[in-house]
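One structure is given below, encoded as structure tokens.
The values are calculated or read from the model by the stated rules, or taken from the named source; none is laboratory data. What you are looking at is a predicted structure, and each value in this text was computed from that prediction instead of being measured. All Cβ positions, glycine included, derive from the backbone under ideal geometry; neighbour counts span all protein chains shown. When the accessible area is computed, the model is the full protein with side chains, heavy atoms only, and any ligands, DNA or RNA have been set aside. Shrake-Rupley method; radii C 1.70, N 1.55, O 1.52, S 1.80 Å.
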Amino acid sequence: MEQAFHWFCRKCGFREDFGRSYYWKCPKCGSPLVISTGRRYEVSKGRGLARYKSVLPVTPLKYMGEGETPLVKVSEEGVEVWFKLEYLNPSGSFKDRGTSLSLSYARKLGYTTVVDDSSGNTAISISLYSRALGLKPVLFIPRTAPEGKKKILRFLGAELHESESRGAASVDVVEYSRSHPEAYYVAHTWSYFYVIGAATIAFEVFEEAGVPDYVIAPVGSGGLLLGLAHGFKTLLEQGLTTKMPRIIGVQGYSVQPVNVALKGVETPGEESWLADGIMVPNPPRLAEIVDAIRESQGDVHLVGNTEVREAWLKLVDQGFLVEPTSAAAYAALERLKTRLQGKSVLVPLTGSGLKIIPLM
Ligand SMILES: [Zn+2]
């Protein structure tokens, strides 16, 4: 029998069939929602994310080249590093996987406008996909966002609303979506579409190379880490593998909510603004991130500007033109090399350097 998808709240038990309405958070208790199903993982014909449509709540309306990113294996001082080149997605980051799902769902439900609070990779991703899917993107960004970023977003057709700060943007966007029922609030830091989107990275890695011993991933709102954990766990639970990788989350010293939640205390260290893409002080899915790390017997590591810069230039030296945030995970790998001898380690390279270097 076909196992349908449904919205589900792990906190209060709210449950509703998926496909007719949209919630960016639980309508009963305000917690982050998941989209569950009992359907089995299988590989379908097609391109990109559509290959895994058996476990996707929505199939992308349009294939723009997202997914199927190259996996490059490099042997480094006794560690087998698997770089997944996520910066080669259409808008230059892994966010395109989640955006493709979320905006396809918006279109399917008949929304005409999408709104979000982001000035980073997600904003560019949402603007590009909106353009291609015939949606109007509205973005709430901090006034202090670099002019170059605003220029890219305006070029892509986004309507920009400038808020006093990052915090104010996340309040203003909710106010806007309340008074604009025609607008679909993407809420990427809350959205399960971004978790499921990132799970397809795990599926691709599994198909091509199997399950790695470790995953080292940068953690901001946690969509990437949770998606990888969810993807590998799906394969494990369905008996397709007997192995679950240990998951190591990487944050900067400047903003370290996952570290504090795991270890109970802030760890002092060098500032880390170079990894600005993971500076998310209050990720809505913090408890899930901590659970995923603990369950995989993983850990969290912190990095600072000096090692991020060194790791970033080392990646560029190898031909990977990524943004500094992407190098945070590689910087952590550098420090863990002795412990990881003889192990395979998946390191997603999350965002392109091409859009960030002109801003530095
Ligand atoms: Zn709830």
At 1.4 Å probe radius, can you tell me the per residue accessible area of segment 179-333 in Å²? 35 Å²
Can you pull the accessible area of residue 213 for me, 1.4 Å probe, Å² to the nearest 10? 40 Å²
Straight-line reach from residue 149: which aspartates and glutamates have a Cα under 16 Å away, not including same-chain ones fewer than 8 places off? 116, 117, 159, 162, 276, 323
Over the chain: helical MRE at 222 nm, DSSP H runs n ≥ 4 each giving -39500 (n - 2.57), nearest 500: -11000 deg cm²/dmol
Among the lysines, which fall within straight-line cross-link reach of residue 11, defined as a Cα-Cα distance under 21 Å, with same-chain neighbours fewer than 8 residues apart omitted? 25, 28, 233
Segment 47-93, convex hull of Cα, quarter of hull surface, nm² -> 4.2 nm²
Looking at this model, which pairs from 53/337; 62/136; 95/150; 45/343; 151/314; 108/136 are more than 25 angstrom apart at the alpha-carbon? 53/337; 45/343; 151/314
Burial-style ranking of 119-131, 12-24, average other-beta-carbon count within 10 Å with highest first, yields 119-131, 12-24
With the other protein chains left in place, how much accessible area per residue, in square angstrom, belongs to segment 1-137 at a 1.4 angstrom probe? 42 Å²
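Where in segment 93-200 are there GluC sites (Glu not before Pro) that are in a DSSP coil and have at most 14 other Cβ atoms within 10 angstrom of their Cβ? Provide the component values of the computation, followed by the final result.
Values: sites: 147, 159, 162, 164, 175, 182; in loops: 164, 182.
Sparse-neighbourhood loop GluC sites (Glu not before Pro): 164, 182.
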One finds, for residue 3 and residue 174 with R0 = 35 angstrom and r their Cβ-Cβ distance, a FRET efficiency to the nearest 0.05 of 0.60
Take residue 294 and residue 151, extend 7 Å from each Cα along the Cα→Cβ direction, and tell me the distance between the two endpoints in nm. 4.7 nm
How about segment 278-334: which chymotrypsin sites (Phe, Trp or Tyr not before Pro) there lie in a loop by DSSP and see at most 10 other Cβ atoms within 10 Å? none
